[in-house]
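A.B. asks: Take this structure first; my questions come after.
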Amino acid sequence: MGILIYSDDLDVTRELVTLASKLGKDASVAVLGQQNISDLTRKASVSGVTTVFEVSNDNLKGLLVGPVVDALEAVYSQAKPDMVLIGATKRGKEVAPRLATRLKIGCISDALKVELNGSNAIVDRLVWGGNSIATVVSKGVAIVTVPPRATNAPLSHLLQTSSKLNSSRNRTRLFSWERGKNQRDR
């Protein structure tokens, strides 16, 4: 049990892990790719992640939606989570409803605030073009998509450096300028 997390963007994955920690649940992360994805697995193994499901298959080249849904369905059946969090990236918004349809569970998109009551998700999301907020409650396990930067996750990978820039090396030089036929004096 716990929360299953997937995103094709590693930063969004980290944000979703932070959200799962705030919900007090164990986070399992699905890492999908082609051939050797151990580097991605290592990067996804951050604090708060209890299990990483690594699915490597040649069909996952380019992370096309069909094979991604197949892989996530297999991971879901093995993990049996209380909730599935998917990053609301371009690909995530396409994967989530397809996976929900295949698993016959609910799908709540673009969550601003997420709570968990047993296996029911309680989600605040924008409606009517962002003019109102609706609270949606699932009946049982649901897939919830969360937009990037919606969880106020801390930046654990921010590095500050100082270096001197040589301003004498301009890369663009203007050699000549001529007025075109259609240009006027300003």
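The values are calculated or read from the model by the stated rules, or taken from the named source; none is laboratory data. Because the structure is a prediction, the values reported are computed rather than measured. Every residue, glycine among them, receives a Cβ derived from its backbone with ideal geometry; neighbour counts consider all protein chains shown.
A.B. asks: Mind checking which residues of the range 100-122 are in a strand (DSSP E or B) and in contact (Cβ under 8 Å) with a residue 40 or more places away in the chain?
C.D. replies: Those that are in a strand (DSSP E or B) and in contact (Cβ under 8 Å) with a residue 40 or more places away in the chain: Val114, Glu115, Leu116.
A.B. asks: Are there any pairs with C-beta distances below 6 angstrom linking a residue in the range 135-150 that is outside any strand (DSSP E or B) to a residue that is of a type in the set (Val, Ile, Thr) and surrounded by 20 or more Cβ atoms within 10 Å (Cβ to Cβ), with the two at least 6 apart or on different chains, and if so which?
C.D. replies: Once the first residue is outside any strand (DSSP E or B) and sits in the range 135-150, its partners that are of a type in the set (Val, Ile, Thr) and surrounded by 20 or more Cβ atoms within 10 Å (Cβ to Cβ) give Pro148/Val12.
A.B. asks: Right, something else. Pairs please, first residue from the range 1-22 and closer than 14 Å to Thr145 by Cα, second anywhere and assigned to a helix (DSSP H, G or I) and among the hydroxyl-bearing types (Ser, Thr, Tyr), Cβ atoms under 7 Å, 6+ apart in sequence or on different chains.
C.D. replies: Going by the 7 Å Cβ cut-off, the qualifying pairs are Leu4/Tyr76; Ile5/Thr13; Ser7/Thr13.
A.B. asks: Please give the number of the condition Ser45 fails out of (1) free of Cβ contacts under 8 Å to residues at least 40 places away in the same chain; (2) under 30 Å from Asn131 (Cβ atoms).
C.D. replies: Condition (2) is where Ser45 drops out.
A.B. asks: So, in the range 24-43, of the ones that are touching a helix residue (DSSP H, G or I) at 6+ places or on another chain (Cβ under 6 Å) and either at pLDDT 90 or above or among the hydrophobic types (A, V, I, L, M, F, W, C) (or both), which residue ends up surrounded by the most Cβ atoms within 10 Å (Cβ to Cβ)?
C.D. replies: Result: Val29.
A.B. asks: Let me ask another. Filtering the range 44-99 down to residues that are in a helix (DSSP H, G or I) and among the β-branched types (Val, Ile, Thr), which residue is surrounded by the fewest Cβ atoms within 10 Å (Cβ to Cβ)?
C.D. replies: Val65
A.B. asks: Here is a further query. Name the residues in the range 14-40 that are part of a helix (DSSP H, G or I) and more than 18 Å from Tyr76 (Cβ to Cβ), would you?
C.D. replies: If the condition is that a residue be part of a helix (DSSP H, G or I) and more than 18 Å from Tyr76 (Cβ to Cβ), then Arg14, Glu15, Thr18, Leu19, Ser21, Lys22, Ser38, Asp39, Leu40 are the ones that fit.
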